[in-house]
Structures are given as structure tokens and as C-alpha cells.
Amino acid sequence: MEQRHLGRTGLRVSRIGLGTLTWGRDTDEHDAADLLKTFWEAGGTLVDTADVYGDGEAEYLLGRLMEGLVPRRDLVISTKAGSVPDPDRRVDGSRGHLLSALDASLARLGTEYVDIWHIHAYDPHTPLDETLHALDLAVSSGRARYVGVSNFCGWQLAKAATWQLAAPGTRTRLASTQLEYSLLQRGVEREVLPAALDLGVGLLPSSPLGRGVLTGKYRNGTPPDSRGGSEHLAPFVAPYLDDTASRIVDAVQTAADGLAVSPLQVALAWVRDRPGVTAPVVGARTSQQLTAALSVEDLSLPDEICRALDDVSAPVHHYPDHDWSTL
């Protein structure tokens, strides 16, 4: 698998990442082992997790698999901290919480360091410099090699990345940002992507298949064994089952038919090769699904297909998101 630099750093990662959102909950150890082995054998390196996935079980499971299945040195492990199961405070970006969460992640993963450590979301109740100081401490102590943020909007990302660049040598550059990005969700193109490109921050798109909808599996109803048919994941899929999404899914299917490939391959290749994208993170239930996603390695979409998909999925950008003189 092709390797790409993560933002403006020397770290190289596979241009498709493996997500572990369902590990330890819907994905048991046997299936997780099949997924990780399939990914590794295909040349994949980037594995993304978080301390709240499966209430910590995803990290624990990944750590167990690294002990005997895949060598730790062959993987680029990315995890996140900051989300908390508190209805009154969904995010805790305090230095104390973040560093304690990192230590707990390392213990579950059974490793001395993570390759990439992300702040899971912006905390409006904690000074940003305090949150970012936790990133600096994680790197200076050797517990994290690179750092980034997740679910930051454009101005939040720009402020954080600029702060970290303000005093080279004492602060750690943001290597990456992680947000949802797909043909069904192009909101990051307004301000996040321009900021990331300007500041040298690599984008790691989550849900690049539109929460599974872009595969076409929901065109004729909701399969009972799909995420949309799952009691706790159905609300996650529901926003992308409207008429607008249906038109985009139809266009993806048309493109796939014309190229003699699957809708999954078309949707994934589109987001993988967007400017500023380093590696989409793909979640799969089975090794067969993952193999289908990894088969996109040999596919590059023709320019006319990309333009057609761009047009049918184009988000509405108004002033001041674009140059005012063009409006």
C-alpha cells in the first residue's frame, strides 16, 4: 500500500487507515484479529482507536493483538483522549484529565508510546493553551511521537495549529486532524481543509463511506445485519438516508457501473485523493468487507468521474466561506 507523509512531518502512514470504533463491543477478538491481520498483510500501517471506544475495550483488544499477531513496530497507532461519559460535560480538555487518559491508554495498549495522540474534541471550558500543553508534555516525555486534534472546526484548528507553530522548539507541531469527510459530508471543505492545507496539518477522514450508506447497501431498505439495523448505531446512520443522500448514492452507483468496480471503491477513492487528505480511516465488520475496501489501492478515478461526483454532492458555500469577489 502506498505510504503518505502525515501533514508536514516526516511520519509516513498507509493511505488507508483501519478504524476500531466497534472493537470490544460489536467486533469480538476473533473478528478483530482477522481484520488486523488482513490490514497488515495488505501493507496497512495506520490503526486508529480512542480511549472511549468500547469503554476502553478497543484499546485493550488492540494491545492483546499486538502481543502475538502483528509486531508493534509495523503499526502506526493513533488514539484519542478528551471525550468523557458525562452528560453535563461531554469533553474534558484539562491537562490533568488528558495526561491521565494517555497513561491509561498506554496501559491498555501494552505499549510505551503511541505514534499519534489526538485531542478528541474542543473543550470550550478549558483554556486552549492548557489543552495544547498536554500535547507538548506527551511528546517531550516520550509517550507520544506525534500529536493532533479531532473534531475541531476551522477557527479552532487554525488557532491551535498557529499556537503550536508560534515558538518552534518548545511546542509540538500539530501533525493531523480527524473529522468526518465523504461525498455525503463535505462540510470540512468550508474552512477546516483550507486551514489544514495552509498550516501543514494532514486530514484523516472518518466515516469516508458516509457511515456505510455510500456502499449502496441501503438503496432497497435497511439490511438487518447492517449498522442501520443495529439498535445503538441506527441513529448514527439515519441522517444519511434522506433524498439528497439517495441522489448522491445513485450517482456513485452509476460511476461504479461505468468503471466496472463497486460503489464502495468509487466513494473511497474519491475521498482518499482529495487535496489535503492523508488517509481515510475505514471501519469494517468483517475481513471480507475490509478486503473490498483495500482493493481501492489500484483504482484512480478519471477526472470526468470526479467532476461529476463533485457536482452532484457539492455543498452550498456562501459568503464568507469563498472569496467574496466571486459571489
> Which one of Pro223, Pro275, Pro280 is open to solvent by 30 Å² or more (accessible area, probe 1.4 Å), in contact with a Lys or Arg (Cβ under 7 Å, 6 or more places away or on another chain) and under 30 Å from Lys37 (Cα atoms)?
Replying inline: Pro223
>> Can you report the number of residues in the stretch 162-178 which are in contact with a Leu (Cβ under 8 Å, 6 or more places away or on another chain) and more than 22 Å from Leu46 (Cα to Cα)?
In response: 5
> List, please: which pairs have Cβ atoms under 6 Å, are six or more places apart or on different chains, and start with a residue in the stretch 263-279 that is under 13 Å from Leu179 (Cα atoms) and at pLDDT 95 or above and end with one that is open to solvent by 10 Å² or more (accessible area, probe 1.4 Å) and not β-branched (Val, Ile, Thr)?
Replying inline: Gly276/Leu193; Gly276/Leu197; Thr278/Arg4; Ala279/Arg15
> Quick one: how many residues across the stretch 23-44 are open to solvent by 10 Å² or more (accessible area, probe 1.4 Å) and in a loop (DSSP other than H, G, I, E, B)?
Replying inline: 6
> How many residues does the stretch 135-150 contain that are of a type in the set (Lys, Arg) and in a strand (DSSP E or B)?
Replying inline: 1
> Got at least one residue in the stretch 80-96 being free of Cβ contacts under 8 Å to residues at least 40 places away in the same chain, open to solvent by 20 Å² or more (accessible area, probe 1.4 Å) and under 20 Å from Gly142 (Cβ atoms)?
Replying inline: yes
>> Filter the stretch 308-323 down to the residues that are of a type in the set (Val, Ile, Thr) and either open to solvent by less than 20 Å² (accessible area, probe 1.4 Å) or not in a loop (DSSP other than H, G, I, E, B) (or both) and list them by number.
In response: Val312
>> Looking at (1) closer than 26 Å to Leu157 by Cα; (2) in contact (Cβ under 8 Å) with a residue 60 or more places away in the chain; (3) in contact with a Ser or Thr (Cβ under 8 Å, 6 or more places away or on another chain); (4) open to solvent by less than 10 Å² (accessible area, probe 1.4 Å), which one does Val47 not meet, given that it meets all the others?
In response: (2)
> From the list Leu18, Leu62, Leu102, which residue is closer than 20 Å to Thr286 by Cβ and outside any strand (DSSP E or B)?
Replying inline: Leu62
>> Restricting to the stretch 166-180, give me the number of residues that are among the hydrophobic types (A, V, I, L, M, F, W, C) and modelled with pLDDT of 95 or more.
In response: 3
> Limited to the stretch 105-134, what total is found for residues that are in a strand (DSSP E or B) and open to solvent by 50 Å² or more (accessible area, probe 1.4 Å)?
Replying inline: 0
> Restricting attention to the stretch 195-220, and to residues there that are farther than 20 Å from Val296 by Cβ and modelled with pLDDT of 95 or more, which single residue is surrounded by the most Cβ atoms within 10 Å (Cβ to Cβ)?
Replying inline: Val201
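The values are calculated or read from the model by the stated rules, or taken from the named source; none is laboratory data. All figures in this text were calculated on a predicted structure; none of them were measured in a lab. Glycine also receives a Cβ, built like all others from the backbone with ideal geometry; neighbour counts cover every protein chain displayed. Protein only, heavy atoms only, side chains kept; ligands, DNA and RNA dropped before computing areas. Shrake-Rupley method; radii C 1.70, N 1.55, O 1.52, S 1.80 Å.
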